[in-house]
Structures are given as C-alpha cells and as structure tokens.
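Worksheet for the structure shown next.
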Amino acid sequence: MVHVGCHCGHFFKVPASQAGKACTCMRCGWAIRLIAPRLDEGAEEKAVCLLVSAGPADVGTQFYLAGPGPVSVGKSRERDLQLVDAKVSRLHCRLLRSEQGWRVEDADSTNGVWVNGARVETHELCHGDKLRIGDTELTCVTPTRTAQPANDAGLSSPVRVVEVKRKPAPAGGDVFDSEGLRRRGSGGQAAD
Ligand SMILES: [Zn+2]
C-alpha cells in the first residue's frame, strides 16, 4: 500500500496495483495518479506528491511518486509520467530515488528543468519546491502529518504551499478509503 496525503488534508492508502491509473480523492474529488514503476506489490511507503499547480493541462492533478524508480517524465505516452505540454521534450527528465526522497535530473531536454526559477541539471526535491518542466509547474509536497505547521484552523494540511487558481475537473477513476479499499460509486464525486 502506498500512503498518500491529498492537498485537502485527507490521508489514505492506494494499492500498488493502482500504479499508472487515475483515481480520485474521496473527500475533495481531485485527481490522483500513482506513478510507481517497479513498485513491489507488498511495499508500504509514503509517496511524495508533485501537484500540477500551473500549466496547459492536468492542473490540480496530484502525481504521487513511489517505488524504487527511476521515473521517466516527458511528452511521449510511454513515459511513466506523461505531461501534455508542447514545450516538454519526449523524454524531458528523470526522477531518481535519493536518500532524502527524490531527485530530478535533466535528460538533455530542449527547454530545461527549472526549480524555483533557476535552471538545474540535477536537484534534490524538497517540500515546497516549484519544478517547472515546459509550461507545466509542479509543486513538490511531502506528505507528513507532523512536519507541517498548523494552519489557521488548527489542522495540519499536507499541501499548504500549493495554490491552484481553478479547481480541476472531476477525475473519475477509482476511489479508495483510508485503508486502501476500493469504494463503490466512484466517479469523482466528493464524499462529504
Ligand atoms: Zn482530497
């Protein structure tokens, strides 16, 4: 099971078998995609989130990285993480496992990999980093319940660093409860 923390503050588990497919947060209805090539079926781990915070497509989608990696990122359909963006190269970059979490590495892309406004060859991704690939901006969010300062409501939300201007369309796909069990009646409806 992979533990994911949605931007809305809802934590739940997604089975390893769901890797590569779309699913939906049962609380807020936003899209979640588990990107976990070569993830061991029995693995238990906390996924790191890359939330599409701006771009031509997929705004609001939360990509969750898990497994041993590496994760290929690019425009081509055969990439582990596909971005529909004209300025993204077919193979743009790779996300590699590191001791701390994940590291991004440019794969000789045309338009480069940018983190927090600076072009990088490689960079260790930290909570709150803004990763720009083509015209797509992804905000890195680490799903810890305790590492975050409490917000105004006294609740710890995993993605306080993210501002998404418009709410994305419902994602469809499966809905999983906090124990990773598939719920009936999926289709992107908020459960609250
Ligand atoms: Zn949510």
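Each reported figure results from applying straightforward, stated rules to the coordinates on display, with no laboratory input. All values reported here derive from a predicted model rather than from experimental measurement. Neighbour counts run over all protein chains shown; Cβ positions are idealised from the backbone, glycine included.
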*Given H placed on each backbone N at 1.01 Å, which residues far from Ser109 in sequence or on other chains put an amide H within less than 5 Å of it?*
none
_Cleavage-rule hits, trypsin sites (Lys or Arg not before Pro), the range 49-88, DSSP coil, Cβ neighbours within 10 Å at most 10_ = Arg77
*Ranked list, fewest to most other Cβ atoms within 10 Å of each Cβ, for Thr24, Thr142, Thr122*: Thr122, Thr142, Thr24
*Name the long-range amide H neighbours of Val48: under 5 Å, sequence gap of 5 or more, or other chain; modelled H, no Pro or chain starts.*
Leu65
*What FRET efficiency comes out for the pair Ala57/Ala107, r = Cβ-Cβ distance, R0 = 22 Å, nearest 0.05?*
0.60
*Once phi is turned into ³J(HN,Hα) by the Karplus curve 6.51 cos²θ - 1.76 cosθ + 1.60 with θ = phi - 60°, what whole-Hz value does each residue of the range 114-121 show in order, with x for glycine and proline?*
10, 10, 6, x, 10, 6, 10, 8
*Any idea what the relative contact order of the range 1-151 is, in percent, if you count C-alpha pairs under 8 Å spaced at least 6 apart?*
19 percent
*Tell me which aspartates and glutamates have Cα within less than 20 Å of Lys46's Cα, excluding those fewer than 8 residues away on the same chain?*
Asp80, Glu99, Glu124, Asp129, Asp174, Asp177, Glu179
*Loop GluC sites (Glu not before Pro), the range 27-65, which have at most 14 other Cβ atoms in a 10 Å radius of their Cβ (DSSP)*: Glu41, Glu44
